[in-house]
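Okay, so here's the structure we're looking at.
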Amino acid sequence: SITVPIGQIDEVLDTFPQVYAVMWISGKLYQANVTADSSNSTKRRRVVSHVWYKTFFCHRKGEKEQTKTTLGGISGVARPVQKATKKIGCLATMRITCYKDDSDNVVFTFQKEQ
């Protein structure tokens with residue numbers, strides 16, 4: 001994991017293709033659902049340690065496409081697809097988390113590296 005000031009998130013993300021040779025596809029931003037009156041409740045509540053987090057996926061995550069042929073041009077002759085897909089089912093993910101304890105910094109966590 002890497003800890004970075006919150007203002008430098010974009011700069012660090014821009015360096016990842018050169019340093020780690022991987023492009024990250026942005027996922028959904030999750031924010032903690034904390035209400036002011038939840039502390040008065042007698043029910044057992046889950047303790048949330050983060051303010052927000054965002055998950056990123058490897059650009060090679062998807063399933064590999066089957067090669068197809070398309071009919072090309074006026075002649076209608078079948079021709080193969082020119083570029084094969086680079087999707088290989090990669091499971092690598094990265095999560096950027098902003099914790100309540102240190103809201104000025106974010107933590108980059110990598111899971112299932114390539």
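The values are calculated or read from the model by the stated rules, or taken from the named source; none is laboratory data. Source: prediction; values computed, not measured. These accessible areas exclude ligands, DNA and RNA; they are computed on the full protein's heavy atoms, side chains included. Shrake-Rupley method; radii C 1.70, N 1.55, O 1.52, S 1.80 Å.
Observations on the structure shown:
- For the stretch 89-94, backbone phi angles converted through the Karplus equation (6.51, -1.76, 1.60; θ = phi - 60°) give residue-by-residue couplings of x, 5, 9, 5, 9, 10 Hz, Gly and Pro being listed as x.
- Listed residues 59, 50 arranged by accessible area, highest first, probe 1.4 Å: 59, 50
- Residue-level accessible surface for residue 47, protein heavy atoms, 1.4 Å, Å²: 130 Å²
- For residue 105, the residues whose amide H sits under 5 Å from its own are 6, ignoring neighbours fewer than 5 places away on the same chain, with H placed 1.01 Å from N.
- Potential lengthening of the chain between residue 99 and residue 10 amounts to 30.2 nm, from the contour at 0.36 nm per residue minus the alpha-carbon distance.
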